[in-house]
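Notes follow the structure.
The values are calculated or read from the model by the stated rules, or taken from the named source; none is laboratory data. These figures come from a predicted structure and were not determined experimentally. Cβ coordinates were reconstructed from backbone atoms using ideal geometry, including for glycine residues, and neighbour counts include every protein chain displayed.
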Amino acid sequence: MSNQLPQTTILAEASPESFTELMNRDPLGFTRQDRDAIVAALRAHRERLEKTAASAPTKVRKAIALSSPADAQPVSDEDLGI
Amino acid sequence: MSAQLPALLPRPLNSSFSTKLPTLQLGIDSTSLGEFKICPRRYYYSLVEGWQTRLQSAHLVFGIALHKARETYDYARSSGAGHEDALDKSLGEVLQSTWNSELGRPWLSDIPIKTRVTLVRTVVWYLDTLGQDDPLQTVQLANGRPAVELSFRFDSGYRSRLTGEAFLFCGHLDRIARFHEQYYIVDIKTTGHSLDERFFGQFTPDNQMSLYALAGRVGYSIPVSGLIIDGVQIGVGFSRFSRFPITRDEAQINEWYEGAGHWLAQIEHCAATGSWPQNDKSCGVYGGCQFRKVCSRSPVARQTWLEANFTRRVWDPLVARGET
């Protein structure tokens, strides 16, 4: 029988400090809550990056060009979830 | 004239080599063929003799962990787990595999963009982007397993003129996925550069992709329509993803196949003569050959250098994944 405390489903605070601390701890003893905190920190980081990118001046990116019209048949980036 | 290399230590058992001519590889994967195309001597050291550097490259650790993460995720999803639970399994796997329990510290990388933190970030963001609601649905095999890390082998149609044995083409595919009732081989490729035309252009022509395209035609019962690259750009502070189709028509596959016959004949010639020439125009490509310091020494000093700085392993592409 496990004597561990029941785990909460509430995400741990995803601060940069806790992320760094978790990345330097032996993951063998991690709980789901620890891993959720890592995921939450990384998602928050991504959100911040995307907000920054969205508010930055637009830079025209060269679109990926397919080598021939025939190449475009199977799938497009949009179709594939990008 | 023959310039044979000195007989080295007995080689570990490797089922991909001939029993009649022990330096002749018969089970050929894209890595083996690619190494020979780059340089016969490099192929000899890395595949025939099995030498590798003592320190595993950060690129390799990162690549293996990322592929394993996708595999773990697909297994979890195929057994009914939702995205968050499958991601959790995947993350747990990555965290464990990059923790050095003997030293009580995380894996340390010498490449700033390929560290434990950038790996974990890439896995989470990649699976959030191209795992959850992925339009490329991983195929479920008849045995109930997802079609990930699939090993293939088939008769190449070429035979050794010396031993009469068949050359087999073999390898391992990341994943086969279905999209609009068509099947695609999906391969993850990482880069530090932009996911642009130049990046995706490097896969046509490309030894690995051409072999995979051929395998897709003849190696499986599933009719594979093409290949798709999951491109992963990794920076110090970000990871980006893009997908791109790779096509090979019948004529392109035939052209690669004919070329492969030429290369197999050369492999056989080198094995028969014991002469594996250096291609000294390749020493600096792909970031520099790991054996450059060996080849830069006098032939009489190379063995000592190899034994001091390298270790041996068996690269046996005929062993299916999960059997080692």
Original post:
Which one of B:ARG145, B:ARG159, B:ARG121 is free of Cβ contacts under 8 Å to residues at least 24 places away in the same chain and of a type outside the set (S, T, N, Q)?
Top reply: B:ARG159
Original post:
Here is a list of conditions, (1) more than 13 Å from chain A (Cβ to nearest Cβ); (2) touching a residue at least 60 places away in the same chain (Cβ under 8 Å); (3) among the aliphatic types (A, V, I, L, M); (4) not in a strand (DSSP E or B), and B:LEU168 meets all of them except one; can you say which number that is?
Top reply: (4)
**OP:** Return yes when B:GLN303 is touching a residue at least 12 places away in the same chain (Cβ under 8 Å) and either surrounded by fewer than 15 Cβ atoms within 10 Å (Cβ to Cβ) or assigned to a loop (DSSP other than H, G, I, E, B) (or both) and no when it is not.
**Re:** no
Subject >> Flag for B:ALA76 being surrounded by 19 or more Cβ atoms within 10 Å (Cβ to Cβ), at pLDDT 95 or above, among the small types (Gly, Ala, Ser) and under 16 Å from the mean Cα position of the chain (by Cα) >> reply: no
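Here's the yes/no breakdown for (1) surrounded by 15 or more Cβ atoms within 10 Å (Cβ to Cβ); (2) of a type outside the set (Ser, Thr, Tyr); (3) farther than 15 Å from B:ARG41 by Cα; (4) more than 14 Å from chain A (Cβ to nearest Cβ):
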| residue | (1), (2), (3), (4) |
| --- | --- |
| B:LEU227 | yes, yes, yes, no |
| B:GLN233 | yes, yes, yes, no |
| B:TRP276 | yes, yes, no, yes |
| B:GLY288 | no, yes, no, yes |
| B:PRO299 | no, yes, no, yes |
| B:PRO317 | yes, yes, yes, yes |
| B:ALA320 | no, yes, yes, yes |
**OP:** Determine whether the range B:208-222 contains at least one residue that is more than 12 Å from every other protein chain (Cβ to nearest Cβ), without any contact (Cβ under 8 Å) to a residue 60 or more places away in the chain and not in a helix (DSSP H, G or I).
**Re:** yes
Subject >> Subset tally (residues that are within 8 Å of another protein chain (Cβ to nearest Cβ), touching a Phe, Trp or Tyr at 6+ places or on another chain (Cβ under 8 Å), assigned to a helix (DSSP H, G or I) and of a type in the set (A, V, I, L, M, F, W, C)) for the range B:92-140 >> reply: 3
